[in-house]
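What follows draws every value from the coordinates through simple rules; no lab data is involved. Predicted model only: the values in this text are computed from it and were never measured. Quick reminder, even Gly has a Cβ in these numbers, built from the backbone with ideal geometry, and neighbours come from all protein chains shown.
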Amino acid sequence: MTEWEPVVGLEIHVQLKTRTKMFCRCAAGFGGEPNTQTCPVCLAHPGALPVPNRTAVEWTIKLGLALGAEVAERAVFHRKNYFYPDNPKGYQISQYDEPLCVGGTLAVPGEEPFGVGFVRAHLEEDAAKTVHVGGGTGRKVGAERSLIDFNRGGTPLVEIVTRPDIHSAEQAERFLQLLRQTIVELGISDARMEEGTLRVDANVSVRPTGSDELRTRWELKNMNSFRFIGRGIDAAVRRQIELYEGGGSVEQHTYDYEPETDTLTPHRTKEEADDYRYFPEPDLVPLAPERELVERLRAGLPELPAARIARHAEAVGVADAWALVTTERDPAYSALVGEGVGEREAFNFAMNQPIPAGANFAELAKVVKAAKDLRREALTAAVGASADPDFAADTYLAQTAVSDTAELGPVIEAVLAANPGQVEAYKGGKEGLLGYFVGQVMKETSGKANPKVVNELLRERLTA
Amino acid sequence: MIDTLRLTAEELEGLLTRGEVSSQEVFEAYRAAIDERDGELHCFLRLHDGEGEGIPIALKDVIGTNGVETTAGSQILAGYVPVYDSTVAARCKARGLRLLGKTNTDEFAMGSSTENSAFGPSRNPWDPSRVPGGSGGGSAAAVAAGMTPWALGSDTGGSIKQPSALCGNVGLRPTYGTVSRYGIVAFASSLDQVGPVAKTVRDNAFLYSVIAGRDPADSTTVDLPPTEIPEAEDLKGLRIGVPVEMRDAPGIEPGVADAVARAVALCEELGAEVEECSLPRSVEYGLPCYYLIAPAEASSNLARYDGVRYGYRAAGDDLTEVYERTRDEGFGDEPKRRIMLGTYALSAGYYEAFYGKAQQVRTMIIREHAEVFERCDLIVSATSPTVAFEIGARADDPLAMYASDLLTIPSCMAGLPGLSIPCGLSEGLPVGLQLIGPQLSENTLFRAGHALERALEFDFVPERLQ
């Protein structure tokens, strides 16, 4: 029986959040009445000429540097020719054989770390948005008519192409999560799949484990969340293995993943899409990023998510470090640790409490250290006030939780008496009900009880 | 009385400055000339009562004008009214130059006679049975017939120089990158340049100074030295080359060769050092190479005319049918021919052999010219191998028509400036002398052109209109 290994490469489109479009000075970005953010350039009027957006070029270089790519000394825009109503010039200005960024790798930390190499990252312009009206499905097939909104047309888009270095759906999701976090932290894109500012196509094939061949691949499109990308990859892998094991072969195809049915359906391709007749865009001169600029951008890069995960992994383990960084709680975590809070305690606190920006961590740390003795409401209030200029831990440290057995005893008795059925069930083995009793006691004491003490008392009482 | 046939823009400027005529009187005089002669010559596609207190001007209809229909001579743009001014139109406006109207052109500037205009050909003021050249025949003929003191044209492979030669006036194709292409209906982006057509070299230089200069809206434009309006009447210190392959090219009419030879002799009399030089590969491969690169770029530039957003739209049952019928009905034969050629040249499997190879040849042409300009300040040749030909004579023979640009194309491919000035008559029709210099040598071309113009004493008013 052959063991099969998935082989996956991704093509990722990232819409940059520059103020203006890639080749004209129209406002870029989400929103706006349809066809209000347009001009002769992005509507392809006769005679209109493109002028590259300098910020978009710099941001693409930044992204390339963050991914360890080489920034080309010369990058050329090409015309990609095809007819489609969302492509008003009849060509898209893209890059072809001389992209802005070449190579690079993203090391993905984890229990089983892996690396994903990049082929290239290049800059291009987005197409306009087509909205299909009528017919119910929102898709072109069966629609009564199609409307075009040119607001999105010409927005800067970075296309990132990975090497086929991904070998499971889970790896794809983790890689994308880390890449997305990196992009967001660079401040160059919101990278939201649900808004289309991040789009991912997957090239999927399988091969016998241990082999290094690259077999015929399927291209998967229209997956609008990381989870669906993972499920799409799984579906393609399953189907390809079935085909091979049934003695068949895999033909090159493009599919849409249908999350409702967990199946792949053939993607409808644009007509005459096979030969784009690329040639160098004569309206633009080649980009030649000055080395000084590249070095300045490199020096300005923040510490990247992958590096921070590696750094925190020593203290809290790689899974929790991952959680800290991808939820952007790690600055709060680090600040608390810096103020002497224990690493585990700081992790729990940073992950569970909505610490506001600008919090006074020196004072907050005092509260955290005393947290187990404080009333829950005091803790919540302290976190909420921690960014106030006059925030002082002392105000909250006095509000200790009730740990007095004499005071809590009668409340516990009353709660148990009121819930005889649950008590019976607990004794019958449903120990998960302990949390329910704790909750009831906290409610009765208006949150003033020390949950840890309540917990111990309840356990004693119920096992007695 | 304003003699529109004879007055130069410079002279008009003097009359206006001294208050001898009003700008309205000047404008009306040209309108009267148009009323009188354009019925026969058909230089204007439409007239316009522009704003401004300065000298009137006519613009080739590939030059976008805000609020004024701009068709590029094509049915597919009939009714298209730009919502913005091209940079050159805006610069003319800013100087107060008052728009008289838009002039006829071969469709999308593809042609050498204006016979490819969707709106009918223009005629040569020297002999209305003949073509005025093209594609900017409307502008050149309008200047020659006193219907505008000067005009702007656009030149991809000879569309300013060749009509100026055939109509007996002064046309400049500037160095690529000196004049903004923003707002110019594109034919072949790496070759298109806007330039002036005028009665004299000094007028031409002045109009060039109005339109030239870096434009942030056109990334391919460059900073350039200030334009000098020429005064010198000699050619002392200039080294002038005569490329033998252009002098001896097949198809040059004897009358044209004689007039050019006399002009070359005059160069020596005026103090220039004249010597033979050689551009063998540029002359041999320039034309075929041009007919790969220009159509390739055109096939892409003309893709936007799809009937979706503006211009002509044919009805169809689905998107593909709308595209196909719009483009079939909207484009004439010549754009279709070039779209087909260009699409083929760029297609997978053919790119390297055609477009890719043509780009290599283009680099070779650039180098060959650069070598010549190490020894020469400028080179001279005939602009057109022939004088104006009969309307219809080459209309059914695209290759014969393409050969009209044999001598103008090589320097266009090299991005170099070229000035055509009239240097005499052959069979009663004007002969053009082409002066070509290295990049940004416009001032040298103006200087040499002006000195020759003075010495040649060519009368730019067509005999039949005198």
_So for each of B:148-160, A:90-102, B:56-68 I average, over its residues, the number of other beta carbons within 10 Å; can you give me the resulting order with the highest mean first?_
B:148-160, B:56-68, A:90-102
*Taking the Cα-to-Cβ direction at residue A:252 and at residue A:130 and moving 7 Å from each Cα, how far apart do the two end points lie in nm?*
2.3
*asked:* For a quick check: sort A:275, B:106, A:404 by the number of other beta carbons within 10 angstrom, fewest at the front.
replied: A:404, A:275, B:106
*How long are the three semi-axes of the equivalent ellipsoid for the stretch B:1-139, computed from the Cα gyration tensor as the root of 5 times each eigenvalue, in whole Å, largest first?*
25, 19, 11
_Give me, ordered by chain and number, the residues 5 or more places off residue A:101 or on other chains with an amide H under 5 Å from its own placed amide H._
A:72, A:121
*asked:* Taking θ = phi - 60°, what integer Hz values does the Karplus form 6.51 cos²θ - 1.76 cosθ + 1.60 yield along the stretch B:150-161, in sequence order, with x for Gly and Pro?
replied: 7, 7, 10, x, 9, 9, 10, x, x, 6, 9, 5
_How long are the semi-axes of the equivalent ellipsoid of the stretch A:4-299, taking √(5λ) for every eigenvalue λ of the Cα gyration tensor, in whole Å from largest down?_
31, 25, 17
*³J(HN,Hα) computed for each position of the stretch A:22-36 - Karplus, 6.51 cos²θ - 1.76 cosθ + 1.60, integer Hz, glycine/proline x*: 5, 10, 8, 9, 5, 4, 9, x, 4, x, x, 4, x, 6, 9
*Above 18 angstrom, tally the Cα pairs of the stretch B:340-466 and express them as a % of all pairs, no decimals.*
65
*Quantify how strongly other chains surround peptide A:47-56 by giving the mean number of their Cβ atoms within 10 Å of each of its Cβ atoms.*
5
*Would you mind listing how long the stretch A:1-107 runs along its three principal axes, going by Cα atoms, in whole Å with the largest first?*
59, 36, 28
*asked:* For a distance above 14 Å, tell me the whole-number percent of Cα pairs in the stretch A:329-397 that qualify.
replied: 49
*Taking R0 as 60 Å, what's the FRET efficiency between residue B:350 and residue A:343 from their Cβ-Cβ distance, rounded to 0.05?*
0.40
_Taking 20 Å as the cut-off for C-alpha to C-alpha distance, list the pairs among A:80/A:129; B:102/B:199; B:161/B:357; A:21/B:93; A:17/A:80; B:102/B:336 that go past it._
B:161/B:357; A:21/B:93; A:17/A:80; B:102/B:336
_Ranking of A:41, A:441 by count of other Cβ atoms within 10 Å, fewest first_ = A:441, A:41
_Normalised per residue, the volume of the convex hull around the Cα set of the stretch A:247-320 (Å³)_ = 322
_Which order do the peptides A:389-400, A:319-330 come out in when sorted by mean C-beta neighbours inside 10 angstrom, highest first?_
A:319-330, A:389-400
*If one puts a single equal scatterer on every Cα of the stretch A:320-447 and applies the Debye formula without solvent, what log₁₀ I(q)/I(0) results at q = 0.11, 0.14, 0.18 Å⁻¹?*
-0.51, -0.74, -0.95
*Likely footprinting exposure, B:336, A:21, A:427, A:369, fewest C-beta neighbours within 10 Å first*: A:427, B:336, A:369, A:21
*Antiparallel DSSP bridges in the stretch B:1-120: what percent, to the nearest 5?*
45
*Based on the Cβ-Cβ distance of residue B:53 and residue A:55, what FRET efficiency does E = 1/(1 + (r/R0)^6) give at R0 = 41 Å, to the nearest 0.05?*
0.45
*Given only helices, namely DSSP H runs of n ≥ 4 each adding -39500 (n - 2.57), what is the per-residue ellipticity at 222 nm of chain A, to the nearest 500 deg cm²/dmol?*
-11000 deg cm²/dmol
*Rounded to the nearest 5, what is the percent of antiparallel bridges among the DSSP beta bridges in chain A?*
90
*At 7 Å along the Cα-to-beta-carbon direction for both residue A:97 and residue A:417, put a label point, then send me their distance in nm to one decimal.*
8.9
*222 nm mean residue ellipticity, helices alone, for chain B (DSSP H n ≥ 4; -39,500 (n - 2.57); rounded to 500)*: -11500 deg cm²/dmol
*Applying 1/(1 + (r/R0)^6) with R0 = 60 Å to the Cβ-Cβ distance of residue B:463 and residue A:39, what FRET efficiency is obtained, to the nearest 0.05?*
0.75
*asked:* When the expected Rg is taken as 2.2 N^0.38 Å, what fraction or multiple of it is the alpha-carbon Rg of the stretch B:226-286?
replied: 1.33
*Three principal axis lengths of the stretch A:66-136 [C-alpha, angstrom, descending]*: 49, 39, 15
*Starting from the amide H of residue B:418, placed 1.01 Å from N in the peptide plane, find each other amide H under 5 Å away whose residue is 5 or more places distant or on another chain.*
B:173
*On full extension of the chain, what length is gained from residue B:320 through residue B:357, given 0.36 nm per residue of separation minus the C-alpha to C-alpha distance?*
10.1 nm
_Please compute, over every Cα-Cα pair in the stretch A:50-199, the percentage with a separation greater than 24 angstrom._
42
*Near the amide H of residue B:424, under 5 Å away, which other amide H atoms are found, from residues 5 or more places off or on another chain, if H is placed in the peptide plane?*
B:431
_Phi-based couplings in Hz for the stretch B:216-221 (Karplus 6.51, -1.76, 1.60; Gly and Pro marked x)_ = x, 7, 10, 4, 8, 7
*Express as a percent, rounded to the nearest 5, the fraction of DSSP beta bridges in chain B (both residues included) that run antiparallel.*
70
*Could you give the alpha-carbon Rg of chain B over 2.2 N^0.38 Å, rounded to two decimals?*
0.91
*Average projected area of the Cα convex hull of the protein assembly as shown, in nm²?*
51.2
*Taking each residue of A:77-89 in turn, how many C-beta atoms of other protein chains fall within 10 Å of its C-beta, and what is the average?*
4
